[in-house]
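The values are calculated or read from the model by the stated rules, or taken from the named source; none is laboratory data. Values in this document were obtained by computation on a predicted structure and should not be read as measured data. So basically every Cβ, Gly included, is an ideal-geometry build from the backbone, and we count neighbours across all protein chains shown.
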Amino acid sequence: MEPTATSTSSSVRTWCVLAHATALVGFLVPLAGHIVGPLVIWLAKRADSAEIDAHGKESLNFQLSMLIYNLIAAVLCLVLIGFFILAILHILNIVFVIIASIQASEGKVYRYPLAIRLIK
């Protein structure tokens, strides 16, 4: 029975990592790419584990928050400061997603800074 528990735990952790890491697809697929990966993982696997549900919600909340911040920064591009803000937001997105993925691989739930908790 022990090997089954380990493989299940490993599978859950893998899905938790993917809930965060798939957000990086957004750098290849503009606009909704950051949201689609975490959304698909969360919708498909949230019923399998409370841990996957928590990681999926956290990742989605952060990516939705980043979308809102990017839209505001895009408007601010009219006064030039938006370009700087967009660059900072992209760097923060990469860094925080990598940190969250590492934390998920260690079995910890990462609380993203700057995330608006839209999905509870």
Looking only at the range 99-120, which residues are under 14 Å from CYS16 (Cβ atoms), in contact (Cβ under 8 Å) with a residue 12 or more places away in the chain and β-branched (Val, Ile, Thr)? VAL109
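One line per residue, one yes/no per condition, for (1) closer than 23 Å to ILE119 by Cβ; (2) hydroxyl-bearing (Ser, Thr, Tyr); (3) touching a Ser or Thr at 6+ places or on another chain (Cβ under 7 Å); (4) crowded, with 19+ Cβ neighbours inside 10 Å:
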residue	(1), (2), (3), (4)
VAL25	yes, no, no, no
GLY33	yes, no, no, no
ALA47	yes, no, no, no
GLY56	yes, no, no, yes
ILE68	yes, no, no, no
ILE72	yes, no, no, no
ILE91	no, no, no, no
Suppose we keep only residues that are charged (D, E, K, R) and surrounded by 12 or more Cβ atoms within 10 Å (Cβ to Cβ) within the range 96-116. Which one would you say is farthest from SER10 (Cα to Cα)? ARG111
Considering only helices (runs of 4 or more DSSP H) wholly within the range 1-108, the ones with at least 2 residues that are in contact with a Leu (Cβ under 8 Å, 6 or more places away or on another chain) are 33-45, 50-76, 81-105
Where the second residue is surrounded by 11 or more Cβ atoms within 10 Å (Cβ to Cβ) and among the hydroxyl-bearing types (Ser, Thr, Tyr) and the first is under 20 Å from LEU86 (Cα atoms) and free of Cβ contacts under 8 Å to residues at least 40 places away in the same chain and lies in the range 28-48, which pairs have Cβ atoms under 7 Å and are six or more apart or on separate chains? none
Considering the range 55-71 alone, what residues qualify as being in contact with a helix residue (DSSP H, G or I) (Cβ under 8 Å, 6 or more places away or on another chain) and either modelled with pLDDT under 90 or aliphatic (A, V, I, L, M) (or both)? LEU60, LEU64, MET66, LEU67
Looking at (1) free of Cβ contacts under 8 Å to residues at least 60 places away in the same chain; (2) surrounded by fewer than 20 Cβ atoms within 10 Å (Cβ to Cβ), can you tell me which one ILE52 breaks? (2)
